[in-house]
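The numbers here are math on the coordinates, done by the rules we state, and not lab data. Predicted model, so just to flag it, every value in this text is computed and none were measured. So basically every Cβ, Gly included, is an ideal-geometry build from the backbone, and we count neighbours across all protein chains shown.
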Amino acid sequence: MLSNGQKVLQEKITTENNQFHVNTSNLQSGIYFVEIGNARMKFVVE
């Protein structure tokens, strides 16, 4: 089990049409945050 606040993925991304895709199939169930610049998004893996 991962501890709170642990970084699980960091990569440089390129955008096409202001969209990006992240493969979440290897992530354990939980709540995750994506940060891009000053923006932050939360998503849940069940």
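Observations, loosely collected:
- Measuring spread by the Cα atoms of the chain yields a radius of gyration and Dmax of 11.6, 35 Å.
- Normalising the average separation of contacting C-alpha pairs (under 8 angstrom, six or more residues apart) by the number of residues puts the relative contact order of the chain at 26 percent.
- Neighbour-limited loop hits for chymotrypsin sites (Phe, Trp or Tyr not before Pro), the stretch 6-46 (at most 11 other Cβ within 10 Å; DSSP other than H, G, I, E, B): 20
- A crude spin-label estimate for the pair residue 45 and residue 26, with each label 7 Å from Cα along the Cβ direction, gives 1.0 nm.
- Here the extension length gained between residue 19 and residue 34 equals 4.1 nm, from 0.36 nm per residue of separation less the Cα-Cα distance.
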